[in-house]
């Protein structure tokens, strides 16, 4: 008999985080990258990527439950995502045609803050009964 899939298992909670970390690392490993696909600006790309990373970290820290989202977990997600942004900029020092840019870290922080804030707003909407009670 098959066991049901536990949607709150560590593998399903942290797997998407690890995948996003790998995507960011792979993108940072592309030498001489001058423009992102779709004419997305560098800073917008950073903000979007780190908003996604922060939201995924928050989801994992909250155990996959909207009721598990707290301001401390939001802050932790922002800090963890931004720290990864710092390590990513260091990594780029070793990629031909790339460099470290403190404004990229600022864009990472802004994106991470947006991602966690959206998670907190979803949690608040859930608590206020605006969102369904499935989580």
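Rule-based calculations on the coordinates, nothing more; no lab input. Small disclaimer: the values here were computed from a predicted structure and weren't measured. Every residue, glycine as well, gets a Cβ built from its backbone with ideal geometry; the counts of neighbours run over all protein chains shown.
Look at 46, 91, 126 and count the other Cβ atoms within 10 Å of each Cβ; fewest to most, that gives 91, 126, 46. Dividing the summed helix terms, -39500 (n - 2.57) for each DSSP H run of n ≥ 4, by the number of residues in the chain produces a 222 nm estimate of -22500 deg cm²/dmol to the nearest 500.
Pop the C-beta distance of residue 41 and residue 94 into the FRET formula with R0 = 25 Å and round what comes out to the nearest 0.05. Walk me through the intermediate numbers first.
Numbers: r = 24 Å, r/R0 = 0.95.
It comes out at approximately 0.55.
Computed extension length for residue 124-residue 106: 3.8 nm, one decimal, from 0.36 nm per residue of separation with the Cα-Cα distance subtracted.
Counting other Cβ atoms within 10 Å as a rough exposure proxy, the listed residues 79, 5 run 5, 79 from fewest neighbours to most.
Would you order 73, 65 from fewest to most other beta-carbon atoms within 10 Å of each residue's own beta-carbon? The fewest-first ordering by Cβ neighbours comes to 65, 73. Normalised by 2.2 N^0.38 Å, where N counts its residues, the alpha-carbon radius of gyration of the stretch 1-66 equals 1.43. Taking one quarter of the surface of the C-alpha convex hull of the chain gives a mean projected area of 9.9 nm².
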